Amino acid sequence: MDNVGARGEVAGAGAIGGAAGATAVAAPSGVTLTRLVRRVEDGPGVLWAALLPAAGLAALAWFGMAPFASHDIEASVAAGVRAQLLQQGHGWVQVGVTGQEVLLSGTPPSPGAGGAALAAARAATCPTWAGPQVCAVLVLGDFGSPSGVAAPALAQVAPAAPAAPAVSTASPAPPAAAASTPATAPASLPAAPAAASTPAERTAQACEASFIDLLENTRLEFASGGSAIDARSAPLLDRLAAAAGACPGRVLIEGHTDNVGDAGANQRLSEARATAVRDALVARGLPAERLVTVGHGDTRPLADNTTDTGRAANRRIEFKAAP
């Protein structure tokens, strides 16, 4: 009975030894014993030790390639924006790119062409590993005066001619000279804008055009009846801060309201909203002394205050170049 029991244990040990690696050892009384041997292999630590040098080399390669990657991004953004502009007929635009920020320049062939070019550039897409994505994170414009804008300015010069009738009453001869004035005045008009337009004025116009383009299709949102700026306006404030930073002089921030409610309350609200915008731009790095605020209340409406659409248009913030 004891021998049978021993054989049973030996058989079981033999089965285990076959799986883990076993060594048979002779023992007295004819019983076969089994010694189990455990082999310890090198674990994952050895693998990581081998990979660390490779990871270091990969990091060095990445840092070395970073400038080239930045150059490739700028080239891709420039190509995508130029292609979009050419496709929509804005070949007059020059494109400057820094990272993913784009500055458009040139002289618009007609009023509104600058805004259309900005809209086209902001919609341009570039190929990425995740598919086509919008190329630029910020698009600003530094345009000259459109060719079609000069005509209204020239028309304001014409009233200087009324002195001629006073001369015509002196004798019959002066009327002939006076009659010739209208014929010669138009020829001299084109020179007037060049004399009146200074580099500072052109810079101010370009500055204001950037603000107009930014606010053309969107607007700052405030809490109803209050001056707290809605968090959804943060991206627009970022773009406005960049545009204000590009202006060389001071920037005037004007607040306007509709005519609903008390006029005094509207005046205070317009001032508070202009101040809130100034504070938001200062928080984004602009010097406070470069930002001037004023509130006009409901005294300068753009549209009819008797309609919802008109009142919405009158509740606004405007940016202008300040002297």
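Mind giving me the FRET efficiency for ARG250 and ALA130? R0 is 41 Å, r the Cβ-Cβ distance, nearest 0.05 is fine.
Working: r = 42 Å, r/R0 = 1.03.
FRET efficiency, ARG250 to ALA130: 0.45.
Enumerate the amide H contacts of LEU138 below 5 Å, restricted to partners 5 or more residues apart or on another chain; note that Pro and chain-start residues carry no placed amide H.
VAL102
How large is ³J(HN,Hα), in whole Hz, for each residue of the stretch 250-256 in order, when computed from phi with the Karplus curve 6.51 cos²θ - 1.76 cosθ + 1.60 and θ = phi - 60°, using x for Gly and Pro?
For the stretch 250-256, the Karplus-derived couplings read 7, 10, 9, 10, 10, x, 9 Hz, x marking Gly and Pro.
Loop only by DSSP, 13 or fewer other Cβ within 10 Å of the Cβ. Give me the GluC sites (Glu not before Pro) in the stretch 207-297 that pass, ordered by residue number. Present the calculation step by step, with values, prior to reporting the outcome.
Numbers: sites: GLU208, GLU216, GLU221, GLU254, GLU271, GLU289; in loops: GLU216, GLU221.
The qualifying sites are GLU216, GLU221.
Quick check: from the Cα gyration tensor, does the stretch 199-322 come out rounded (a/c under 1.5), prolate or oblate?
Prolate shape, in that a/c is at least 1.5 and a/b is the bigger ratio.
Computed from the coordinates by the stated procedures, all read-outs in this text should not be read as laboratory data. Keep in mind the model is a prediction, meaning the values are calculated, not measured. No Cβ is skipped: glycine too gets one built from the backbone with ideal geometry, and neighbour counts run over all protein chains shown.
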